[in-house]
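What follows draws every value from the coordinates through simple rules; no lab data is involved. Computed from a predicted model, the values in this text were never measured in an experiment. We place every Cβ from the backbone using ideal geometry, glycine too, and count neighbours over all the protein chains shown.
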Amino acid sequence: MGVQVVDHPLAKALLAQLRDRNTPPPLFRLLAKRLALVLCLEATRGVPTAPVEVETPLTRTTGARLAKPLVAVPVLRAGLGMLEAVTELFPEVTVGYVGLERDHATFEPSLYYSKLPPLDGRVVLLLDPMLATGASAAAACHALEKAGAEEITLLSVVSAPEGITHLHQLHPDVNIVTASIDEGLNQHAYIVPGLGDFGDRLFGTL
Ligand code: URA
């Protein structure tokens, strides 16, 4: 599947504020949630709908409801900054969690926690704000597919070209919705220009 860069002016403005090193954690959290709302709207654009009959004050008409349940899966801990946006837009969403940590020497992820609801027949929204090497996202997709996921969309705030390539090599069916494809990775596998460590900035653990 493809990569969709959300270039709505609101997404661009929110991203610029998130990148700003002087943005403090309380504001960072607010901006991250707002940007996640925009990404979530785009990510769910293709969700199938089914007709519903609605009685308006004037007449009967046909409306729509989602025909497939949604599951949101934040990657701990940074993905938590995107979760509230999804649960506000789609209150019926079920939520699973995947915990991955990155070895600071090898940059390889290891799965330390996984709690997932049923995934088959559902649209899975994987929340992982920084698609850097792609190793964590690929490990998360592996865990989701093993648990029965058939349709995964990754919502990422910032993506590196290396991460997109890696993820699509291992999981070609995963769709990526992102606010930016940045220049690339530095020697510490941080995205440049990026916004620094998303989890640290979100939770004030700088
Ligand atoms: N994770 C982050 O939080 N930031 C990066 O730049 C790369 C990975």
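Can you say whether P129 is touching a residue at least 60 places away in the same chain (Cβ under 8 Å) and under 18 Å from T44 (Cβ atoms), as far as the supplied structure shows? Walk me through it before giving the result.
Values: touching a residue at least 60 places away in the same chain (Cβ under 8 Å): yes; under 18 Å from T44 (Cβ atoms): yes.
Criteria met by P129.
Looking only at helices (runs of 4 or more DSSP H) that lie completely in region 109-206, which have at least 3 residues being in contact with an Asp or Glu (Cβ under 9 Å, 6 or more places away or on another chain), within 9 Å of the ligand (Cβ to nearest atom) and of a type in the set (A, V, I, L, M, F, W, C)?
Numbers: elements: 135-146, 161-170, 198-203.
Passing ranges: none, list empty.
Conditions: (1) at positive phi; (2) buried (at least 18 other Cβ atoms within 10 Å of the Cβ). G148 meets all but one. Number of the miss?
Of (1) at positive phi; (2) buried (at least 18 other Cβ atoms within 10 Å of the Cβ), only one is false for G148: (2).
Could you tell me whether any residue of region 181-193 is touching a helix residue (DSSP H, G or I) at 6+ places or on another chain (Cβ under 7 Å), within 29 Å of T49 (Cα to Cα) and of a type in the set (G, A, S)? Steps first, answer last, please.
Narrowing region 181-193 to residues touching a helix residue (DSSP H, G or I) at 6+ places or on another chain (Cβ under 7 Å): 181, 184-185, 193.
Subsequent filtering for residues that are within 29 Å of T49 (Cα to Cα) retains none.
No, the conditions are met nowhere in region 181-193.
Please count how many residues of region 27-76 are part of a loop (DSSP other than H, G, I, E, B) and farther than 20 Å from E150 by Cα. Steps first, please.
Keep residues of region 27-76 that are part of a loop (DSSP other than H, G, I, E, B), which gives 44-48, 56-59, 67-69.
Retained after the next criterion (residues that are farther than 20 Å from E150 by Cα): 56-59.
Looking only at that region, the number is 4.
Are any of the residues in region 53-70 in contact with a Cys (Cβ under 9 Å, 6 or more places away or on another chain) and not aliphatic (A, V, I, L, M)?
Going through region 53-70, the residues in contact with a Cys (Cβ under 9 Å, 6 or more places away or on another chain) turn out to be none.
Within region 53-70, not a single residue is in contact with a Cys (Cβ under 9 Å, 6 or more places away or on another chain) and not aliphatic (A, V, I, L, M).
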